[in-house]
Amino acid sequence: MQTGSPIIERSSWPKWADYLRSRRLDGIVAWVLEAAGPLSVLGAQAIYLGSPLLRPTFSTGQVAALANLLEDSSEAQAFVAFLREA
């Protein structure tokens, strides 16, 4: 269920990266995204199913952007590269 453009969805990446780095989770998340491979599609589906529970904390756009990132392996790899840049 691809929705927004990659440019709009990538606008959340710096915020996500800062959050992960502040909690020292950036390396773990990068590793999980690389290791999950095809299983990340299941994670995207879980996010879609759990989106009503996530909406009090995250906006609809953020939930959709995260699910889309997990569905698209090239976007997931780009996010891993983004996390490892800094």
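Structure values in brief
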{"read-out": "Test: residue in segment 1-16 that is in contact with a helix residue (DSSP H, G or I) (Cβ under 6 Å, 6 or more places away or on another chain), of a type in the set (Gly, Ala, Ser) and at pLDDT 90 or above", "value": "no"}
{"read-out": "Complete set of residues in segment 70-79 that are in a helix (DSSP H, G or I) and within 13 Å of Leu39 (Cα to Cα)", "value": "Leu70, Glu71, Ser73, Ala76"}
{"read-out": "Subset of segment 36-66 (residues that are in a helix (DSSP H, G or I), of a type in the set (A, V, I, L, M, F, W, C) and closer than 22 Å to Arg21 by Cβ)", "value": "Ala36, Ile47, Leu54, Val63, Ala65, Leu66"}
{"read-out": "Residue match in segment 42-60 (condition: surrounded by 15 or more Cβ atoms within 10 Å (Cβ to Cβ) and closer than 16 Å to Arg10 by Cα)", "value": "yes"}
{"read-out": "Cβ-Cβ under 7 Å pairs, at least 6 apart or on other chains, segment 43-61 side more than 20 Å from Asp72 (Cα to Cα), far side of a type in the set (A, V, I, L, M, F, W, C)", "value": "Leu54/Val63; Arg55/Val63"}
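The values are calculated or read from the model by the stated rules, or taken from the named source; none is laboratory data. Quick caveat, the model's predicted, so the values are computed rather than measured. Using ideal geometry, Cβ is built from the backbone for each residue, glycine included, and neighbour counts are taken over all protein chains shown.
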